[in-house]
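Reading through the structure tokens given below for one structure.
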Amino acid sequence: MKKASGFTLIEVLVATLVLAVGLLGLLGLQATSIKNNLSAYNRSQATQLAYDMADRMRANKNESLDPATGNVLTASTYLTMDSSDATVQASCAIVTGCTGAQMAQNDLFQWNSGLKLLPQGRGTITAVAATGVFNITINWDDNGDGAVDSSDPNFSVSFQL
């Protein structure tokens, strides 16, 4: 009897099974990579938005600090108005005619528009009057469960004017 050469059907099935398991592993790796990439993108957006608001507050310093004493103004529009309640201020589109409070409201409106880039993005601004330190915190739904909670990351920046 001649010896047969080549692959048997069982060998081909085993090779196909090994290939399929390897491809499933790569698929899982790709899915994890995409999820982590989206998370990094959201964190980058939150970072940019927080620093943007800090720069806006620095440009409109008299709305946050008393010019005479340098103390935090607890009645500042940045601290008292929720960003989702802010409206666009038409008078701030030109160089003159915009008060500090109107500029702050316009800044909050534009900031809130940027926060909408994040899934359920939400930002808060607080201040510690004793130290003059302002805190900007941005939260978003990173895990996609439909709610912003303690399992989701946040970005926070502290600064002084």
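Would you mind ranking F155, F7 by Cβ crowding within 10 Å, fewest neighbours first? Before the final figure, lay out the partial values.
Values: F155 21, F7 9.
If I rank by nearby Cβ atoms, fewest first, I get F7, F155.
In nm, what is the difference between 0.36 nm times the number of residues separating S33 and T99 and their Cα-Cα distance?
Values: separation 66, 0.36 × 66 = 23.76 nm, distance 4.71 nm.
Gain on extension, S33 to T99, equals 19.1 nm.
Average projected area of the Cα convex hull of the chain, in nm²?
Details: hull surface 61.8 nm².
Mean projected area of the Cα convex hull: 15.5 nm².
How tilted is helix 100-115 with respect to the longest principal axis of the chain? Cα atoms for both, answer in degrees (0 to 90, nearest 10).
The two axes meet at around 10 degrees.
Each value in this text was obtained by applying a stated rule to the coordinates, not by laboratory testing. In this text, all values refer to a predicted model and were calculated from it rather than measured experimentally. Using ideal geometry, Cβ is built from the backbone for each residue, glycine included, and neighbour counts are taken over all protein chains shown.
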